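The values are calculated or read from the model by the stated rules, or taken from the named source; none is laboratory data. All figures in this text were calculated on a predicted structure; none of them were measured in a lab. Note that each Cβ is placed from the backbone with ideal geometry, even for glycine, and that neighbours are counted across all protein chains shown. Keep in mind that these areas ignore ligands, DNA and RNA; they rest on the heavy atoms of the full protein, side chains included. Shrake-Rupley method; radii C 1.70, N 1.55, O 1.52, S 1.80 Å.
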Amino acid sequence: MKITARITALLAASFLFALPAHAQKPYEPQVGQSGKDVIWVPTPDEVVDRMLRMAQVTPNDLVYDLGAGDGKIAIAAAMKFGARSVGIEYNPDMAKHAQGNVEKAGVAGKARILNGDIFVTDFSQATVVTLYLLPALNLKLRPTILSMRPGTRVVSHSFTMEDWEADEISSMDGRRAYFWLVPANVNGGWALETGGDKSELSFEQRFQKIEGTVGLGQTQGGLRDARLRGFNISFAYVDDKGVKRDYAGRVTGGKMEGSFRADNGTEGRWTATKK
Ligand SMILES: C[S@@+](CC[C@H](N)C(=O)[O-])C[C@H]1O[C@@H](n2cnc3c(N)ncnc32)[C@H](O)[C@@H]1O
């Protein structure tokens, strides 16, 4: 009798312990709740839409939302744009809640939420990075972002990257969204070869802004219209015969290659190798 009573008590206790798991209220995040480095405030739908459109997200993209909140950016990237997406969220309850939202939205095959710290978790494979953080956090992430593959698209709701000027600023309802393309690194000297002719190219780079010179015998000819967009580079110069030559090409690590066209009608290919 005593044993039966004990078993009954144990069963009752285990039932009581099991009960909360089923009867627990679902986790309800509160706007403004604290986060590790920044509170949770969701980006409004129309801003999410513009951010993903500015980045021209396609099904070929892998979008990372740094500080995922309820997962809405990762979900929109997968649902509306067909991209694969990952949200990184530090708060474990929020990450679980966001993963639940991913599943409810029916995009678990494309989107997922990682419980992690944006300053620790690797997001170097992203082709698009989205942010709604704080200016100081953008700045802290900036070196990591600038070391990503050239051409990676970055969009930030509300906050800038300080002196790395945005390539586009869109606004809606008093909110701003900033867009950047990660530029290739072209700073310094390059050996230019154009159809057997060799000369020296030199670039001074500050983020996506470049200026430069080309060696024309004793003269350092200034480059005109020098422009760097991700891995695409273009520039022009007037050669020692007074002919303007327009160059356009692509930067891949320590190499550039592309085509040129001169005002006298000559055209062809060029390469440049980092010195
Ligand atoms: C302003 S909310 C933005 C949420 C979402 N990206 C959006 O735009 O709707 C920032 C989120 O970042 C999370 N967070 C804060 N510090 C973090 C960190 N170091 N690593 C990952 N997530 C973090 C917060 O918990 C919060 O959910």
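As a check on your grasp of the helix formula, calculate [θ] at 222 nm for the chain: sum -39500 (n - 2.57) over DSSP H runs of n ≥ 4, divide by the residue count, round to the nearest 500.
Mean residue ellipticity at 222 nm (helix-derived): -8000 deg cm²/dmol.
Here is the link list: Lys110/Lys255; Lys25/Lys96; Lys80/Lys140. Which ones come out longer than 26 Å on Cα distance? Let's see the in-between values first.
Values: Lys110/Lys255 35 Å; Lys25/Lys96 14 Å; Lys80/Lys140 30 Å.
Where the Cα-Cα span goes over 26 Å, the pairs concerned are Lys110/Lys255; Lys80/Lys140.
Please list Glu257, Glu89, Glu168 from largest to smallest accessible area, probe radius 1.4 Å, with all protein chains kept in place.
Details: Glu257 100, Glu89 25, Glu168 55 Å².
Of Glu257, Glu89, Glu168, the descending order of accessible area is Glu257, Glu168, Glu89.
Can you work out the FRET efficiency for the pair Ser147 and Tyr27, with r the C-beta to C-beta distance and R0 = 35 Å, to the nearest 0.05? Provide the component values of the computation, followed by the final result.
Numbers: r = 36 Å, r/R0 = 1.02.
Once rounded, the FRET efficiency stands at 0.50.
Using a simple charge model, +1 on the beta-carbon of Lys and Arg, -1 on the beta-carbon of Asp and Glu, nothing else, what dipole does the chain show about its Cα centre, in debye to the nearest 20?
Taking the Cα centre of the chain as origin, the dipole is about 760 debye.
If each residue of separation counts as 0.36 nm, what is the full-extension length gain between Thr271 and Asn60 once their alpha-carbon separation is subtracted?
Difference between extended and current length: 73.1 nm.
Work out how much length Arg175 to Arg261 would gain on full extension: take 0.36 nm times their residue separation and subtract the Cα-Cα distance, in nm to one decimal.
Stretched fully, the Arg175-Arg261 segment lengthens by 26.7 nm.
Separation between the Thr160 and Arg206 pseudo-spin-labels, each 7 Å from Cα along Cα→Cβ, expressed in nm?
Between Thr160 and Arg206, the label points sit 1.3 nm apart.
What number, in percent, do you get for the relative contact order of the range 164-226 if the mean sequence gap of Cα pairs under 8 Å and at least 6 apart is divided by its residue count?
19
Taking Cα centroids, how far is the range 29-86 from the range 97-112 in Å?
Between the Cα centre of the range 29-86 and that of the range 97-112, the gap is 12 Å.
Work out how much length Asp93 to Leu139 would gain on full extension: take 0.36 nm times their residue separation and subtract the Cα-Cα distance, in nm to one decimal. Walk me through the intermediate numbers first.
On the way: separation 46, 0.36 × 46 = 16.56 nm, distance 2.70 nm.
Taking 0.36 nm per residue and subtracting the Cα distance, the gain is 13.9 nm.
Which angle between 0 and 90 degrees, to the nearest 10, do you get for helix 72-81 versus the longest principal axis of the chain when only C-alpha atoms count?
It works out to around 60 degrees.
Using a 1.4 angstrom probe with every protein chain in place, what is the largest-first accessible-area order of Lys140, Lys72? Let's see the in-between values first.
On the way: Lys140 120, Lys72 55 Å².
Descending order: Lys140, Lys72.
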